[in-house]
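Bear in mind these aren't lab numbers, they're just calculated from the coordinates by the rules spelled out. What you are looking at is a predicted structure, and each value in this text was computed from that prediction instead of being measured. All Cβ positions, even for glycine, are placed from backbone atoms using ideal geometry, and neighbour counts span all protein chains on display.
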Amino acid sequence: MLSPLKLAAGQAWAAWRRYPSLRRELAGARPGPPILVTGMYRTGTTWVGAMLAPAGLWHLHEPFNPNQGLWHDELPYARADVALPAVDDFVAGLLRGQHRAILRLPNARRWFTPLRLLPHEPRRVLLKDPSAALLSEYLANRHGMRALILFRHPAAVVGSFLRLGWPTGALVERLLASEALMDDWLRPVGFSMENAIGRRDGFSGAVLYACVARVLLGFSRRNPESMIPVSFEDLCEDPIARFRTLFEELDLPYTERVRAVHDRLSAGGADGSVERPHGVVRPTASMARRWKSEVADSDLTIVRDVWEQFDLPLYRTTADWQRARNAE
């Protein structure tokens, strides 16, 4: 087993050796508007970000996640017509290449690597951040971002919350505390939100996702040119073809190197392999159906009831909620 010092030295050597080619990739990226990949937590944003990044994008991982130590507020909300200097200053720094500790690029993890130390002006930036979901309209309108809004079957999202012990009730309480958010979008469902406080069960998870989905659907309807709703299940059905289309919409080059990365990041599902909670390799042959064998009947009933109460125009047919393969 390598000592920490030898391991660090090996990582440094690999980073500096790889840097010239990586810098050429970044410098050769087509300029364009920043890209935001967002949606509810557990909807596949990490995978989608990793699939877009090989186009030469300056890939930043969750700058608005309080766990990164750069932003303090979980799931902040902003109205697009009201300037927020704190958000604007923070985003401007991200787009200039600041806060490199959150770079999600090869050989950028350690502070002593060239991507962290040497000057670089990003040509095109990718922000992958579900914590910025309720800022997405603001970022699209005031910072010119193109936003991909991920949606995934609510049973899959809530099942992941339950598996990981996500504090869903506490997050619902945070949403309730935002008067602007409640007034603009969520006042009609406030009773359900109040009943979710303090819980970590299927009900609170479903309410959390339904609240965020309600807002994101509203955002995407009134900003069709800048905000693109994307179905996780649709991407899983044929990832190569679907991402080729997304690359065209975002004016990103789809090269042989990109295709090779996509083949790797979309492989692995045929043998029943299990997704790592925060990994980027997705077994896409099975991921879209995984909830059908993992979510308990009682939780499935709760999640579906909440989804119908919120009257969301996604995943509404009987077939969407059936477990049988022949019903898909």
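Remarks
- Across region 54-66, rounded Karplus estimates of 3J(HN,Hα) from the backbone phi angles (6.51 cos²θ - 1.76 cosθ + 1.60, θ = phi - 60°) give x, 7, x, 7, 7, 9, 10, 9, 6, x, 8, 6, x Hz, Gly and Pro being marked x.
- DSSP bridge analysis restricted to region 30-327 gives an antiparallel fraction near 5%, rounded to the nearest 5.
- Amide H contacts under 5 Å for LEU126: ILE35, TRP58, HIS59, LEU60, restricted to partners 5 or more places along the chain or on a different chain, H placed in the peptide plane at 1.01 Å from N.
- Report summary: the helix-based calculation at 222 nm, which adds -39500 (n - 2.57) for every DSSP H run with n ≥ 4 and divides by the residues of the chain, gives -13500 deg cm²/dmol.
- Measuring r between the beta carbons of GLU225 and ALA14 and using R0 = 35 Å, the FRET efficiency lands at 0.25.
- Estimated FRET transfer efficiency (ARG316, GLU248; beta-carbon r; R0 30 Å; 0.05): 0.55
- Extension gain, ALA180 back to ARG259 (0.36 nm per residue minus Cα-Cα distance, nm): 24.1 nm
- Our estimate of slack between ASP73 and ARG200, defined as 0.36 nm per intervening residue step minus the Cα-Cα distance, is 43.7 nm.
- Extending 7 Å from the Cα toward the beta-carbon at both ALA296 and ALA92 defines two label points whose distance is 5.2 nm.
- Neighbour cut-off at most 12 other Cβ (10 Å), DSSP loop, chymotrypsin sites (Phe, Trp or Tyr not before Pro), region 102-177: TRP111, PHE112
- Built amide H within the under 5 Å cut-off of ALA147, gap 5+: LEU36, MET227, ILE228
- Amide H contacts of HIS153 (H built 1.01 Å from N, under 5 Å, at least 5 apart or other chain): GLU233
- When only alpha carbons are used to place a centre, region 169-202 and region 290-314 end up 18 Å from one another.
- The simple Förster model, with R0 at 30 Å and r as the Cβ-Cβ distance, assigns HIS120 and VAL82 a FRET efficiency of 0.35.
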